[in-house]
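See below for the structure under consideration.
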Amino acid sequence: MDKSLILKGIAELLNSRQQIVITVHTNPDGDAIGSALAFGQFLQKLDHDVHIIAPNHFPEFLAWLPGADEILVFEQDVKGSRAVLAAATLVFCLDYNALHRSGSLQDDLFKLTVPRILIDHHREPELDAFLWAYSDTRVSSTAELIYEFIAYYDFDKYIDNAIAQALFTGIMTDTGSFSYAINQAETLEIAAKLVRSGLDAVWVHQQVYDTFSENRLRLLGHAISNCMLVFEEFSTAIIQLSKEDLQKFHFQIGDTEGIVNYPLQMKNIKMAVLITEKKDTIRFSFRSKGSFSVHEVAKAYFNGGGHANAAGGSLKTDMSSAVKQLIDVLPEYKAILDSSN
Ligand code: 5GP
Ligand code: MN
């Protein structure tokens, strides 16, 4: 369906005052949190009652965002989260394509009797789960879709510094600081509009990226020096981080963010994979450069998906079999990797 018709349909629901809950995916990133905060503050300006629920904790490098301290974390406050969900008249699902991506929140979202509305840029949205799905896989970030939403109303009227900071955080983090998914001029035009509205983009960048602890930086060094396997013949590099590696550097949520991108800095590496050992699962984070799609790999073998150049997945297994399973599928992709550009 035409995007403007979907916007119109959602806008009609917003004509009357709603009790809105905005939810994001598990392990929320800068785009999830930035989009939720920008959208929430915009909806408050339209006079709606708004709460944001994240399934689990978000990284500390997003805590400075205006309004972040009011986000309910489901796993930490199940009762409070259920109370706002019970009172909701509309629930928005931001930056994820399927209910199961909300992790611990999924059963509560599934049981809802009020409409769910999707705003997202991941591939293969679970359309049946939503009354409206404002989904576009061509945009850099969900934040870009929130910008479109605000622009549909009146950008100049509703933009303020807090919303601009949140939108810029979403676009900046989902494009690796404007290094990928930026071949559409609109992305850069939106960033320009945010700067023109008075946003200090350099300051925002510093808040998100220049706040490493010593442990986090040393973990990055350890990951690259000691935990990286390079498979030249498959244009692939794998970094594996065990629970012991993480404990050694006093791991905090967010500390592994960005590590997966480093192997792509090698000239002939087209796919990078970070494998981390979690409580009872193994997490996969995939990145690629060029036309090779990691979404396909994540979907086919690792219960996941995402975007062409950034995807994730997980397996219920141990570290060494997880690494082996990945190494075993590499030959299948050799021809595509070789011919991708
Ligand atoms: P990350 O590697 O940063 O966790 O995830 C990369 C991208 O893939 C993000 O846009 C994220 O939302 C998406 N993603 C991560 N894990 C999954 C998954 O299990 N399924 C799907 N469909 N997308 C995922
Ligand atoms: Mn996103």
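Helix content alone sets the calculated 222 nm mean residue ellipticity of the chain: runs of n ≥ 4 DSSP H residues at -39500 (n - 2.57) each, divided across all residues, give -12500 deg cm²/dmol.
Packing, as the average of other Cβ atoms within 10 Å across residues, places the peptides 294-302, 215-223, 167-175 in the order 167-175, 294-302, 215-223, highest first. The label-point distance for Glu214 and Ser197, in a model that sets each label 7 Å from Cα toward Cβ, rounds to 4.0 nm. Between Lys248, Lys193, Lys270, the Gaussian network model of the chain with springs among Cα atoms under 10 angstrom shows the greatest mean-square fluctuation at Lys248.
Count the DSSP beta bridges whose two residues both fall in region 1-153, then state the antiparallel fraction as a percent rounded to the nearest 5.
Taking every DSSP beta bridge with both residues in region 1-153, the antiparallel ones total about 0 percent.
Classify region 54-167: rounded, prolate or oblate, from the alpha-carbon gyration tensor (a ≥ b ≥ c, eigenvalue square roots; a/c under 1.5 rounded; otherwise prolate if a/b is larger than b/c)? In terms of gyration-tensor shape, oblate. Extents of the chain, largest first, come to 58, 42, 42 Å (Cα atoms, principal axes, whole angstrom).
Bridgeable aspartates and glutamates around Lys248 (alpha carbons under 20 Å apart, same-chain partners fewer than 8 residues away excluded): Glu60, Glu214, Glu257, Glu277, Asp280, Asp318. Between Arg82 and Asp328, full extension at 0.36 nm per residue minus the direct alpha carbon distance yields a gain of 84.3 nm.
A dipole drawn for the chain from +1 and -1 charges on Cβ atoms has a positive end, and of His48, Ala335, Ser81 the residue lying farthest that way is Ala335.
Here the label points at Ala335 and His205, each 7 Å from Cα along the C-beta direction, are separated by 4.3 nm in the simple model. In terms of its C-alpha gyration tensor, region 194-268 has an oblate overall shape, because the principal axis ratio a/c (a ≥ b ≥ c, square roots of the eigenvalues) is not below 1.5 and a/b does not outweigh b/c.
Read-outs throughout are calculated quantities, based only on the coordinates presented, and are distinct from any laboratory measurement. Values in this document were obtained by computation on a predicted structure and should not be read as measured data. Methodologically, a virtual Cβ is constructed for each residue, glycine included, from the backbone with ideal geometry; neighbour enumeration extends over all protein chains shown.
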